[in-house]
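Novice: Take a look at this one; I'll ask things after.
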Amino acid sequence: EYAKAESIIDTYRSSILDAERKLGFLTDKMDLYRDVVRRNLEKGRYGRALAAAERAKARGLLDSLGWRFLTLADSRYTDLYRQFVGLASRAGKARDSSSAEVFGVARTETDYEEIQSRLSALRARIESSYPDGHVLRALVAGKALDSDEILATLPEASTLVEYFSLGTSYVALVARGDTIQAVTLDVS
């Protein structure tokens with residue numbers, strides 16, 4: 001049921017193009033992610049708990065950063081990302097009927113379906129051209145890594161400590177080598 005709920009949330013989340021609305025939508029859904037993490041911790045499934053915590057944080061971070069005009073390491077990535085953000089912004093404005101007039105000046109009509117089609121084509125191009133985990137795919141799709149992928153990306157002799165709020169307490173998920181441990185923190 002949790003996987004179905006997360007899938008439904010992701011479906012709705014991906015259809016929201018306005019950054020403020022998207023962040024507000026996800027903030028309201030954090031209780032689900034807390035329940036998923038808590039349940040996995042209770043069952044000793046620390047890898048799944050880490051993956052759920054990562055999904056919750058990644059979605060919040062990407063939604064808060066993702067719609068801004070970032071400068072990426074490669075100018076080709078920056079250009080593609082700016083095209084995506086521009087189209088997403090135009091699609092949101094074209095769909096929002098409340099922006100029909102600003103200060104008495106009518107906005108120019110924009111074909112929402114045409115912009116949405118271009119946005120979908122650009123998203124498909126990015127997803128087919130770049131592997132999972134690539135910065136462009138992360139910014140466009142917001143896909144978080146699962147626990148095996150997290151462990152695989154850790155440099156040798158490194159430890160990742162991810163803190164996650166369970167609402168009334170915190171947990172530290174510690175990933176090192178090929179193991180993940182959970183440490184409940186005595187703080188509220």
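Novice: Please give the peptides 33-44, 145-156 ranked by average Cβ packing (other Cβ atoms within 10 Å per residue), highest first, as a rough proxy for protection.
Specialist: Put in order of decreasing packing, that is 33-44, 145-156.
Novice: For a 22 Å ceiling on Cα separation, which of these pairs sit above it: Lys29/Lys57; Lys4/Lys93; Lys4/Lys29?
Specialist: Beyond 22 Å between Cα atoms: Lys4/Lys93.
Novice: Whenever you get a sec, line up Tyr112, Tyr163, Tyr46 from highest to lowest accessible area (probe 1.4 Å, protein heavy atoms).
Specialist: If we order Tyr112, Tyr163, Tyr46 from most to least accessible, we get Tyr163, Tyr46, Tyr112.
Novice: Right, another one. Calculate, for Arg82 and Val161, the FRET efficiency according to 1/(1 + (r/R0)^6) with r their C-beta to C-beta distance and R0 35 Å; round to the nearest 0.05.
Specialist: About 0.55, to the nearest 0.05.
Novice: Quick one: if you stick a label point 7 Å off each Cα along the C-beta vector at Asp146 and Asp132, how many nm between them?
Specialist: So the label points at Asp146 and Asp132 sit 0.6 nm apart.
Novice: Would you mind checking which residues have amide H under 5 Å from Tyr170's amide H? H placed 1.01 Å from N; only 5 or more apart, or other chain.
Specialist: The answer is Leu185, Val187.
Novice: In addition: Just to be sure I understand the model, the point goes 7 Å from the Cα along the line to the Cβ. What's the resulting Tyr170 to Glu114 distance in nm?
Specialist: Spacing of the two 7 Å Cα→Cβ label points: 5.2 nm.
The values are calculated or read from the model by the stated rules, or taken from the named source; none is laboratory data. Every value quoted in this text rests on a predicted model; they were computed, and no experiment measured them. In this analysis, Cβ positions are derived from the backbone assuming ideal geometry, glycine residues included, and neighbour counts consider all displayed protein chains. We work out accessible area using only protein heavy atoms, side chains counted, and drop any ligands, DNA or RNA first. Shrake-Rupley method; radii C 1.70, N 1.55, O 1.52, S 1.80 Å.
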